[in-house]
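The values are calculated or read from the model by the stated rules, or taken from the named source; none is laboratory data. Model, not experiment: these values are computed from the prediction. Glycine gets a Cβ as well: all are built from the backbone with ideal geometry, and neighbour counts include every protein chain shown. Calculation scope for accessible area: heavy atoms of the full protein, side chains included, ligands and nucleic acids excluded. Shrake-Rupley method; radii C 1.70, N 1.55, O 1.52, S 1.80 Å.
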Amino acid sequence: MHRRAALKNVVLSVILGILTLTFLYPLYYMLINSLKDRTAYFTNPFGLPAAPLQWENYATMISQFQILALFRNSFVVSVGTVLILLVVCTFASYVFAKYRFRGRGAVYLAVIATMFIPSQVTIIPVYVLFSKLGMVNTYWSVILSYVALFLPEAILLMTANFRGIIDELLEAAEMDGCGYFQRVWNVVVPMGRAAVFLSIIFYFITAWNDLFTPMIFLQSMDKRTVMVALAALMGRYTGAPTLQFAGLLLSAVPALVVYVIFQRQIIRGLSVGAIK
């Protein structure tokens with residue numbers, strides 16, 4: 001039994017190690033090639049960069065292409081999306097998970113069914129609607145589009161998590177004088193923090209990396225997100241791949257930072273839920 005368990009652990013470790021290398025290799029490839037010049041890249045794209053390292057690629061992205069300003073635009077869209085999504089989904093999921101009312105199942109299924117509608121199908125009527133409201137070329141058009149797109153998945157995730165909260169805890173909070181919002185903030189959010197932080201990670205990264213929606217709604221050059229600007233850079237400077245790699249690697253840093261910060265919170269949330 002011990003040998004079988006040890007063998008299973010070894011096999012699992014090997015599989016996880018291979019998956020880790022698979023995910024990390026693109027970052028490694030972008031890093032080594034972003035520090036090369038154009039000639040070195042085309043000569044040996046898989047080799048390590050030789051001295052002197054071409055830090056000028058990063059300096060060009062920061063100074064000439066103003067990638068930090070593009071970061072600001074992407075942060076506004078991504079953070080705004082996550083904040084609105086969390087507020088709406090937390091309260092909606094709590095109602096679906098713990099409240100009993102007529103037609104609850106039908107409403108819940110109707111919300112979840114919208115997950116299967118591709119965003120490409122609705123983009124034209126949504127664009128016409130935002131155009132009539134004067135919201136095209138504003139961050140609100142992108143943020144609200146993301147919220148509508150991510151809402152069913154987030155509600156599905158949080159509702160499943162909130163159903164595991166013990167009803168007696170909510171009843172005890174109510175007996176202690178906690179109102180609706182206090183119960184959500186003091187009981188539901190701490191107990192369901194794993195789903196909350198998972199939503200932060202997933203939907204921040206999804207909004208940050210998206211190209212389609214901001215390209216449709218944001219027409220001004222000064223409002224472009226970083227992914228739209230990098231797509232234009234790749235189309236314009238096809239002969240400068242090392243510059244493109246520098247931009248792609250810089251654009252990946254905020255998403256990685258968010259993941260590193262909040263994945264620890266997910267583990268803590270799971271621990272808190274298990275203890276309580």
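When the residues Y25, Y94, Y99 are ordered by accessible surface, computed with a 1.4 Å probe over the protein chains alone, the sequence from largest down reads Y25, Y99, Y94.
Stretching the chain fully between F91 and I261 yields a gain of 58.8 nm (0.36 nm per residue, less the alpha carbon separation). For region 30-74, rounded, prolate or oblate, judged on the Cα gyration tensor with a ≥ b ≥ c (square roots of eigenvalues), a/c < 1.5 rounded, else prolate if a/b > b/c? Prolate shape, in that a/c is at least 1.5 and a/b is the bigger ratio.
Taking trypsin sites (Lys or Arg not before Pro) across region 39-109, the ones in a DSSP loop with at most 14 further Cβ atoms lying within 10 angstrom of their Cβ are R100, R102.
Label-to-label distance, A231 versus Q219, with points set 7 angstrom from Cα along the beta-carbon direction: 1.7 nm.
Rounded to 0.05, the FRET efficiency of the A106 and K132 pair, given R0 = 30 Å and the Cβ-Cβ distance, is 0.45.
Here the chain is assigned +1 on the Cβ of each Lys and Arg and -1 on the Cβ of each Asp and Glu. Its dipole about the Cα centre then comes out at about 440 debye.
Percent of Cα pairs in region 1-138 per distance bin of 10 Å, from zero to the largest separation: 8, 15, 20, 23, 22, 9, 2, 0. Computed over the chain, relative contact order equals 30 percent, with contacts defined as Cα pairs under 8 Å that lie 6+ residues apart.
A straight Cα-to-Cα reach below 12 Å connects K36 with the aspartates and glutamates E56, residues fewer than 8 places away in its own chain not being considered. Excluding same-chain neighbours fewer than eight residues apart, the aspartates and glutamates reachable from K98 by a Cα-Cα span under 13 Å are D167, E168, E171.
Expressed as a whole percent, the accessible surface of region 72-194 that belongs to carbon and sulfur atoms is 69, based on a 1.4 Å probe. Membrane-span-like helices of the chain, defined as complete DSSP H segments with a Cα extent of 18 Å or more along the helix axis and a mean Kyte hydropathy of at least 0.5, are identified as 2-34, 67-98, 119-132, 139-162, 193-209, 241-275.
Computed over the chain, the per-residue total of -39500 (n - 2.57) for DSSP H runs of n ≥ 4 gives a 222 nm mean residue ellipticity of -25000 deg cm²/dmol, rounded to 500.
Ordering G164, M30, Q120 by the projection of their Cα atoms onto the charge dipole of the chain, which places +1 on the Cβ of Lys and Arg and -1 on the Cβ of Asp and Glu, puts G164 at the extreme positive end.
Using the charge dipole of the chain (Lys, Arg: +1 at Cβ; Asp, Glu: -1 at Cβ; taken about the Cα centre), state which of Y108, Q54, A232 has its Cα farthest towards the positive end. My answer, from the dipole projection, is Y108. Residues whose amide H comes within less than 5 Å of that of K36, counting only those at least five positions distant or on another chain, are Q54 (H built at 1.01 Å from N in the peptide plane).
Here the scattering of region 55-109 is modelled by Debye summation over its C-alpha atoms, one equal scatterer each and no solvent; at q = 0.14 Å⁻¹ the log10 of I(q)/I(0) is -0.58.
Subtracting the Cα-Cα distance of E168 and A252 from 0.36 nm times their residue separation leaves 25.9 nm of extension gain. The slack in the chain from F212 to V10, taken as 0.36 nm per residue of separation less the alpha-carbon distance, amounts to 68.5 nm.
Each of the peptides 13-23, 121-131, 153-163 was scored by the mean count of other Cβ atoms within 10 Å over its residues; in descending order, highest first, they stand as 153-163, 121-131, 13-23. Mind running the shape call on region 139-190? Use the C-alpha gyration tensor, a ≥ b ≥ c as the square roots of the eigenvalues: rounded below 1.5 for a/c, prolate if a/b tops b/c, oblate otherwise. Here region 139-190 falls in the oblate category. For M135, the accessible surface of its heavy atoms amounts to roughly 40 Å² (probe 1.4 Å, protein chains only, rounded to the nearest 10).
Every Cα-Cα pair of the chain was included, and the share exceeding 25 Å stands at 60 percent.
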